[in-house]
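J.: Sharing a structure below in structure tokens format, with a few things to ask.
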Amino acid sequence: MIIEALYRYYYEFLIKDDESNIAPEGYTKIGIGFALDISKRGKVLGVIPLYTTKQGRNKSIQIQKPMIVPRYSEPTINVEASFLCGKSAYILGISERDEKNAKYSAKRFKEFCSFNKELLHQVNCEAAEAVIAFLDNHDPSTARAQPDISRYLEEILKGDRFVFRFENQLVHEIPEIKDVWEKYYAGKDASMGQCLVTGEMAPLARLHSKIKGVKGTTAGSLVSFNKDAFLSYGHRTKETKELNAPVSRKAEAAYTAALNHLLASETNKFFLDDTTVVFWAESDETIYPELFGAVLINPEYLIEDAEPPKDKSAQKKIEALASKVKRLQQPDWDRLLDEVTGNPRFYILGLSPNQGRISVRFFVSEPFRQILTRITRHHKDLEITTTLGGRFKQPKAINLRDLLFETVPPKAKVKKIAPLLEGVVTRAILTGSRYPDELYYSIITRIRADTDDKDRRIEKINFIRAAIAKAYLLRKYAQIQHPIKEVLVMSLNDQSTYVPYVLGRLFAVLEKTQRDANPNLNTTIKDRYFTSACASPRSVFPTLLRLAQHHISKDDKRGRFNDKNIEELEDRLEIDKNPLPARLTLDEQGAFILGYYHQRAAFSAFFSKKGDKAAESDKAENS
């Protein structure tokens, strides 16, 4: 399914797009560091660097020039030469690995000579004769001392790729030489078989090209076999391993070119922690991948100016959409769906490195509007009131990265998301299924373990953690009749009698009572008692209620107000008739956390409005 989708994308869209600069079948688009300029007799006239300079954050970076060359095989531990292109070990017979393995470059140079001379002897042109002369006369033992090579020796030995140049023309681009290569590529020795992608009987690809751009690896294969344990019905041997996953050369060239093109794009991928997510639509309109990235990864762009899309035409369309969904306010997800036109099939592929290979974390294929509907549902599930008096700025929409990093200990030196968590969470969002239990358990663990720390910008129960707890429980109990559902709302439900929720509200009132009586406290009952109160209320709340009476007696200003709130919540709990629960389940603890958060947000909103009215009154009196 993945390979088939990439194959279609290549032939239906990329190959027809003049701006894609995609490599045709039998060729590879790859970075080239140097051109080796040679004379008719094969003498080295110069080594020409082909770098372009790009300014990085702290320094300028040299990037190899992108170039379409004959099908290039990325060097591995196996010796396999490419045509008229390669690293120094193949082209010049020298490498930094020669110190540890004296035969390393010698084997590769010999293979390169044999393979290239066999093809070039079929061409009747001066450029082919010049390359043959170079291969016949070049002496790797003296190569390092040659002035033109020694000038760039450090970069050359590191493995920058070479192509040949003859009389101001790149040899691999000469028509006669291209013809020989294409005839060889079309008919070179290979097993014939039925391609799993196209269904045609065709030459099968023995090796699949390396995929580049996946975070955590320089290059890796999506399809590969290297152990006898991977035998498939006796088909896979050293000589015929392509029969284990029969993909034609045509399909292999197409899907690898398409995937590498998408991974090289800035608009068709994003990174989580160790997962690279690549996405595309069966359309030549760039609005679909741009909008997908904005809604899932950067939803605040629909509300305020932040990281605009790369494509200008897509940017204008998204800005027009944003203006229709109440830009600069809370996003109107339902209206966004109504404004989106077009519904091509859309693909999302999550890739991670795995010991030289590439693992598929998840793959989703659905019509674009269906995916957009699921993402907007995800945002609606997360919607929760903000605590206006919170210590730190709270986002108006939660992006995926911020959501996942709430599971990481905030004091950790290296912040890393659990390897499998980002994949299952993303899959849950894109498929509309339940959020994984691991996400919820991680948030409960963080709430238990963390303490408020203003200097490190840490909040035990913040906007995102409360939103995750609400969203998880909302989906878990979506198809179940349960009293917990009445508290899984955006803001305070002051009519609810659900005990864990009311207990959370009561804890927030008790904390406020303490703060009102002792405004300069650095720590409150939340730091000492919250975890115990959340898990085993019966053991903690009697103590907290006695402390509250002490605080009320000291507070002449707000003591009565707090006492009234405590009494009202005690009435809802009916403590005289029903004892406090000894234990709360993990889901009930989530309701407790929501009750605490909602009550705090309600206090913030109430006193914020009261403060605004007082300020307006003072202004009127002074005028």
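J.: Out of the residues in segment 87-141 that are in a helix (DSSP H, G or I) and among the β-branched types (Val, Ile, Thr), state the one that is farthest from Val69 (Cα to Cα).
T.: First pass over segment 87-141, keeping only residues in a helix (DSSP H, G or I): 88-91, 96-99, 104-120, 126-137, 140-141.
Next cut, among the β-branched types (Val, Ile, Thr) only: 91, 131-132.
Details: Ile91: 15, Val131: 16, Ile132: 19 Å.
This residue is Ile132.
J.: Okay, next question. Can you tell me which condition Ala294 does not meet? The list is (1) assigned to a loop (DSSP other than H, G, I, E, B); (2) modelled with pLDDT of 70 or more; (3) farther than 30 Å from Ile68 by Cα, and all the others hold.
T.: So the condition that Ala294 fails would be (1).
J.: Among the residues of segment 366-379, is there at least one that is modelled with pLDDT under 85 and either among the β-branched types (Val, Ile, Thr) or not in a helix (DSSP H, G or I) (or both)?
T.: Within segment 366-379 (the criterion being modelled with pLDDT under 85 and either among the β-branched types (Val, Ile, Thr) or not in a helix (DSSP H, G or I) (or both)), the answer is no, since none of the residues qualifies.
J.: Now a separate question. Do we find that Ile177 is farther than 30 Å from Glu4 by Cα and either in contact with a Pro (Cβ under 8 Å, 6 or more places away or on another chain) or buried (at least 18 other Cβ atoms within 10 Å of the Cβ) (or both) in this structure? If you could, list the steps in order and put the result at the bottom.
T.: Working: farther than 30 Å from Glu4 by Cα: yes; either in contact with a Pro (Cβ under 8 Å, 6 or more places away or on another chain) or buried (at least 18 other Cβ atoms within 10 Å of the Cβ) (or both): yes.
Criteria met by Ile177.
J.: I've got another one for you. Give just the number: which of (1) assigned to a loop (DSSP other than H, G, I, E, B); (2) at pLDDT 80 or above does Ile48 not satisfy?
T.: Failed condition: (1).
J.: Looking at segment 10-45, which of its residues are touching a His at 6+ places or on another chain (Cβ under 9 Å) and modelled with pLDDT of 90 or more?
T.: If the condition is that a residue be touching a His at 6+ places or on another chain (Cβ under 9 Å) and modelled with pLDDT of 90 or more, then Gly42, Val44 are the ones that fit.
J.: Does Ala186 satisfy being part of a helix (DSSP H, G or I), modelled with pLDDT under 85 and among the hydrophobic types (A, V, I, L, M, F, W, C)?
T.: So Ala186 passes the test.
J.: Would you check which residues across segment 341-374 are β-branched (Val, Ile, Thr) and in contact with a Phe, Trp or Tyr (Cβ under 8 Å, 6 or more places away or on another chain) and list them?
T.: First pass over segment 341-374, keeping only residues β-branched (Val, Ile, Thr): 341, 348, 358, 360, 364, 371, 373.
Ile348, Val364, Ile371 - these are the residues of segment 341-374 that are β-branched (Val, Ile, Thr) and in contact with a Phe, Trp or Tyr (Cβ under 8 Å, 6 or more places away or on another chain).
J.: It is to be established whether one or more residues within segment 95-109 are farther than 20 Å from Gly33 by Cα, out of contact with any Pro (no Cβ under 6 Å at 6 or more places or on another chain), modelled with pLDDT of 90 or more and not aromatic (Phe, Trp, Tyr).
T.: Yes, segment 95-109 contains at least one residue that is farther than 20 Å from Gly33 by Cα, out of contact with any Pro (no Cβ under 6 Å at 6 or more places or on another chain), modelled with pLDDT of 90 or more and not aromatic (Phe, Trp, Tyr).
The values are calculated or read from the model by the stated rules, or taken from the named source; none is laboratory data. Predicted, not measured: the structure shown is a model, and the values here were computed from it. So basically every Cβ, Gly included, is an ideal-geometry build from the backbone, and we count neighbours across all protein chains shown.
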